[in-house]
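Enquirer: Once you've had a glance at the structure underneath, I'll fire off some questions.
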Amino acid sequence: MYEFNYHRPTSLAEASKLLAGAADGKFVAGGQTLLPTLKQRLAAPSDLIDLGGIAELQGIKVDGGSVSIGAGTRHGVVAKSAEVAKAIPALAKLAGGIGDAQVRNMGTIGGSLANNDPAADYPAAVLGLNATIHTNKRTIAADDYFKGMFETALEDGEIIVKVTFPIPKRAGYVKFPNPASRYVMVGAMVAETASGIRVAINGAAPCVFRHKEMEAALAKSFSADALKGIKTDPKTMNNDIHASAEYRAHLVGVIAKRAVLAAG
């Protein structure tokens with residue numbers, strides 16, 4: 001049997017207060033990771049605090065040179081947004097390729113980023129597009145946010161409120177998905193931003209990372225040919241039943257080239 005207290009606050013202040021008063025409380029957004037964890041009896045929180053009723057966490061806004069997405073916004077909403085598709089086509093494409101229809105209609109951008117699964121899509125968008133994560137306490141730059149496998153810069157009780165993506169000059173996202181789960185085995189977000197070229201690789205390693213050698217090559221010539229001969233160290237790659245470290249290292253080069261072509 002499951003035994004926990006369920007709460008559905010309507011404000012960030014209420015959510016924070018509920019967590020502070022719980023013996024072992026957990027925030028839940030789309031529940032795409034937490035609920036399976038509960039079903040497997042790998043977690044038994046005293047309280048579940050559902051963030052879905054907080055209006056401040058919802059919605060998309062395109063203003064000037066950026067796209068802001070509320071942390072509680074579903075993947076499917078981002079994928080179908082005409083504003084996102086016009087401003088950052090690669091971001092809309094990324095959202096539309098997450099999981100399946102059921103996952104896209106439940107999962108949220110904030111939940112994905114708070115969990116920081118190495119096989120998630122959104123970390124590549126945040127790091128590759130040089131986004132800023134806004135919480136109920138502060139703002140965190142993309143380069144400072146991702147710390148390791150399932151590890152982020154978030155402190156206990158900190159809630160992601162929204163994510164702001166600067167609109168790039170061009171960007172492309174391509175992933176090699178696991179054929180069963182559609183999780184990312186290797187993905188790449190390549191973008192030409194106001195601050196320079198950024199190449200974010202997800203799925204391949206324990207945590208999303210920037211490929212600095214590829215960035216330097218693309219800064220000289222933004223073309224797939226510029227990446228020829230650039231290798232990725234297999235020792236830094238994931239090695240599991242789905243793909244060997246050597247295979248993933250090879251895929252990094254292949255997928256990055258495709259992402260450059262997708263960026264145009």
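Enquirer: With the condition being of a type in the set (A, V, I, L, M, F, W, C) and not assigned by TED's automatic domain parsing to the domain that holds Gly196, I'd like the strands (runs of 3 or more DSSP E) fully within the stretch 69-150 carrying at least 2 qualifying residues.
Expert: Hits in the stretch 69-150: 139-141.
Enquirer: Okay, next question. So for the stretch 143-154 (the condition being free of Cβ contacts under 8 Å to residues at least 60 places away in the same chain and within 13 Å of Asn202 (Cβ to Cβ)), does at least one residue qualify?
Expert: Going through the stretch 143-154, the residues free of Cβ contacts under 8 Å to residues at least 60 places away in the same chain turn out to be 144-145, 148-154.
From the residues that got through so far, the ones that are within 13 Å of Asn202 (Cβ to Cβ) too are 149.
Within the stretch 143-154, one or more residues are free of Cβ contacts under 8 Å to residues at least 60 places away in the same chain and within 13 Å of Asn202 (Cβ to Cβ).
Enquirer: To continue, here is another question. Any residue at all in the stretch 242-251 that is closer than 29 Å to Lys26 by Cα and either touching a helix residue (DSSP H, G or I) at 6+ places or on another chain (Cβ under 7 Å) or not assigned by TED's automatic domain parsing to the domain that holds Ser112 (or both)?
Expert: Going through the stretch 242-251, the residues closer than 29 Å to Lys26 by Cα turn out to be none.
Within the stretch 242-251, not a single residue is closer than 29 Å to Lys26 by Cα and either touching a helix residue (DSSP H, G or I) at 6+ places or on another chain (Cβ under 7 Å) or not assigned by TED's automatic domain parsing to the domain that holds Ser112 (or both).
Enquirer: May I ask you to list the residues in the stretch 142-172 that are open to solvent by 10 Å² or more (accessible area, probe 1.4 Å) and closer than 19 Å to Ala256 by Cα?
Expert: Pro168, Lys169, Arg170, Ala171
Enquirer: Given the options Met189, Met185, name the one that is in a strand (DSSP E or B), closer than 24 Å to Leu227 by Cβ and open to solvent by 10 Å² or more (accessible area, probe 1.4 Å).
Expert: Values: Met189 fails: open to solvent by 10 Å² or more (accessible area, probe 1.4 Å).
That would be Met185, the only listed residue that is in a strand (DSSP E or B), closer than 24 Å to Leu227 by Cβ and open to solvent by 10 Å² or more (accessible area, probe 1.4 Å).
Enquirer: Still on this structure, please answer the following. Quick check on this structure: which one of Ser66, Ser112 is among the hydroxyl-bearing types (Ser, Thr, Tyr) and buried (at least 23 other Cβ atoms within 10 Å of the Cβ)?
Expert: One residue alone meets the criteria, Ser112.
Enquirer: Among the candidates Ala125, Ala92, Ala131, which residue alone is out of contact with any strand residue (DSSP E or B) (no Cβ under 9 Å at 6 or more places or on another chain), open to solvent by less than 20 Å² (accessible area, probe 1.4 Å), closer than 25 Å to Gly196 by Cα and among the small types (Gly, Ala, Ser)? So that I can check it myself, show each step before the final result.
Expert: Details: Ala125 fails: out of contact with any strand residue (DSSP E or B) (no Cβ under 9 Å at 6 or more places or on another chain); Ala131 fails: out of contact with any strand residue (DSSP E or B) (no Cβ under 9 Å at 6 or more places or on another chain).
The conditions single out Ala92.
Enquirer: Out of everything in the stretch 192-226 that is closer than 17 Å to Tyr145 by Cβ and among the basic types (Lys, Arg), what residue ends up being surrounded by the most Cβ atoms within 10 Å (Cβ to Cβ)?
Expert: Residue satisfying both the conditions and the ranking: Arg198.
The values are calculated or read from the model by the stated rules, or taken from the named source; none is laboratory data. This is a predicted model, so every value here is computed, not measured. No Cβ is skipped: glycine too gets one built from the backbone with ideal geometry, and neighbour counts run over all protein chains shown. We work out accessible area using only protein heavy atoms, side chains counted, and drop any ligands, DNA or RNA first. Shrake-Rupley method; radii C 1.70, N 1.55, O 1.52, S 1.80 Å.
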